[in-house]
Amino acid sequence: MDRPDYHPYIPSPAQSKIAGPTARAHTEAKLLNPRAQELFGGWDRLFAQPFKGITTDGTVVPDLYRLAPNGAPTAAIVDAVAALLAMLSPDQRAAMSFPVHSDRWRRWQNTELYVETYGLRLDEIAEPPREAVLAVLRASLSAKGYEMSRDVMRLNRFLGDLVGGPAVLGEWSYIFCLFGTPLWSEPWGWQFFGHHLSLNCFILGDQMVLTPTFMGAEPNYADTGPFAGTRLFEDEERAGLALMRSLSLEQQRNAIVAHSMVGGDLPPGRRHFADNLHLTGARQDNRIVPYEGITGAGLTAPQRSRLLSLIDAYLAPLPAGPQKVRMAEIERHLGETHFCWIGGTAEDSTFYYRVQSPVVLIEFDHHGGVFLTNAEPAKFHVHTIVRTPNGGDYGIDLLRLHYEQSGHHHGR
C-alpha cells in the first residue's frame, strides 16, 4: 500500500526527535532544551493562578449552569471504578487518588514528556488493571467516544513506530487519576491524559461534565501496521469546511480572521510554538478569548443547522443522555454563538476554526510537524479541544453549587 501524503515528512534516523530509549530518559534530555523549559515554566505560572474559567473579557458570566440530572451512566461507571480499585495495591491507589476539589485536575498536559510523579501510568502496570482502566472509559463514554479515544492511543503508537520511539510514543503512554470517592451522593470524577489526549470527567449523581476534552493525532491516519485504516477527525474537518463554504461572501468576510495560517497575515502573537493557533489548550483554564467571527444570529436556518451539526460532532464522546442535555444547553445560546476561521477554504487548504458561546468553546487546528518534519501546517496533524467556559470546566461551577447547597460542605 502506498503511504499517504505525509510520507515525505517521516524523519530519517538522523532527524529523529526521540532523545532517549525510555520515556523518562527522553524527558530528562528534552527538559534541558530552553524551549521545553519555557513551555513548562509558562505552564507553571498559569497553574499558579486561581481557577476562574475561560472568559471573553476576564469576567465570568454568572448563573449559566445548574445542578440537574442529565442521564449520566453513573452506576456503570462506579462499578467499573470499584473493579479497578480492587486490582490495585495500596500504593497504586494512593498514587492516583486525590480529593475532588484538588487542583491536580488542572495539571493535565498533552506533550509526550513524562514529567508526572503521580497517577496510574498504563505502560507501567499489568494488563488486568490496564484493561480495568479502559473499562472505566468505556462505561463513561459513548461507544464512538471510546473508540475515538482508543484511536488516539493507537495512532500515538503508530507515530512512535514511524519515528523510532515506541517507548516514548506508545499506545499505553497515558495516566489515569481518580478524584473524590465514587459514590452516587457525592461529587467525584476521573482524568485520563497523555500525548494528544486528555479526558476530564466530573460526576455528581447522574450529572456529568466531560471537559476539557483534548484529542489530536500526528498523523491522523495509519496506513500500515496493526492499526492500518485507523483515521481520525474527518467529520470535524469536513463539517467545519462545509459550514464555511455555505457562507456568503459577506458572511465569510465577517467570519475570517486571517486568510493564511502562516506569515504576516496572522494577528500579532497568534501563533504559539506549543499549541500553534490553539488558544485554550493545557493550563489555559483562565484564558481570555474575545469573540471573533460571525454569530448564529447572522446565519440562515440551513447554516444554523450546519453549525449545530458541527458542534454535535464534538459532543460525540458524551453518552446519549448528557449529550442530549448538553446540546440543548448549547442551542439555547445559538444566537450568540460565534464562528471564526483562519486559513483557506479549498479542498487541500489547512485551517483553524473556533466555535464559541457562553457555554461552549471548540477549537480545530491543522498543525505543523512536531515529530514529523513538515515545517508548515498540514492536514495530517490535527488538534481539537472542547471547553466549558465561564467556570464550567472540570465541573468546578457544579462543585461550587453543590457545596453551597449542601450544609455539611459550607466550610469549603
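The values are calculated or read from the model by the stated rules, or taken from the named source; none is laboratory data. What you are looking at is a predicted structure, and each value in this text was computed from that prediction instead of being measured. All Cβ positions, glycine included, derive from the backbone under ideal geometry; neighbour counts span all protein chains shown.
Determine if segment 61-71 includes at least one residue that is closer than 22 Å to Arg283 by Cβ, in a loop (DSSP other than H, G, I, E, B) and of a type in the set (Asp, Glu). No, segment 61-71 has no match at all. Restricting the first member to segment 346-364 and to residues that are at pLDDT 95 or above and of a type in the set (Lys, Arg), and the second to residues that are buried (at least 23 other Cβ atoms within 10 Å of the Cβ) and assigned to a strand (DSSP E or B), the beta-carbon pairs closer than 8 Å and six or more apart or on different chains are Arg354/Phe339; Arg354/Leu361; Arg354/Ile362; Arg354/Glu363; Arg354/Phe364. Name the residues in segment 161-177 that are more than 14 Å from Pro13 (Cβ to Cβ) and either surrounded by 21 or more Cβ atoms within 10 Å (Cβ to Cβ) or not small (Gly, Ala, Ser) (or both), would you? Passing the criteria: Pro166, Val168, Leu169, Gly170, Glu171, Trp172, Ser173, Tyr174, Ile175, Phe176, Cys177. So is Gly180 of a type outside the set (Phe, Trp, Tyr), under 19 Å from Leu84 (Cα atoms) and surrounded by 23 or more Cβ atoms within 10 Å (Cβ to Cβ) or not? When the stated conditions are applied, Gly180 does not pass them.
Here Ala255 meets each of (1) modelled with pLDDT under 95; (2) of a type in the set (A, V, I, L, M); (3) over 23 Å from the mean Cα position of the chain (by Cα) with one exception, condition (1). Taking segment 312-322 as the range and being crowded, with 21+ Cβ neighbours inside 10 Å and either assigned to a helix (DSSP H, G or I) or of a type in the set (Val, Ile, Thr) (or both) as the test, the residues that pass are Tyr314, Pro322. Among the residues of segment 327-385, those identified as assigned to a strand (DSSP E or B) and under 30 Å from Ala14 (Cα atoms) are Asp365, His366, Val382, His383. All of (1) within 30 Å of Leu279 (Cβ to Cβ); (2) touching a helix residue (DSSP H, G or I) at 6+ places or on another chain (Cβ under 9 Å); (3) at pLDDT 95 or above hold for Trp108 with one exception: (2). Being modelled with pLDDT of 95 or more and either surrounded by 11 or more Cβ atoms within 10 Å (Cβ to Cβ) or not assigned by TED's automatic domain parsing to the domain that holds Ile125 (or both) is a property that Pro90 lacks. You will find that of Ala72, Ala86, Ala94, the residue that is closer than 20 Å to Glu131 by Cβ and hydrophobic (A, V, I, L, M, F, W, C) is Ala86 and no other.
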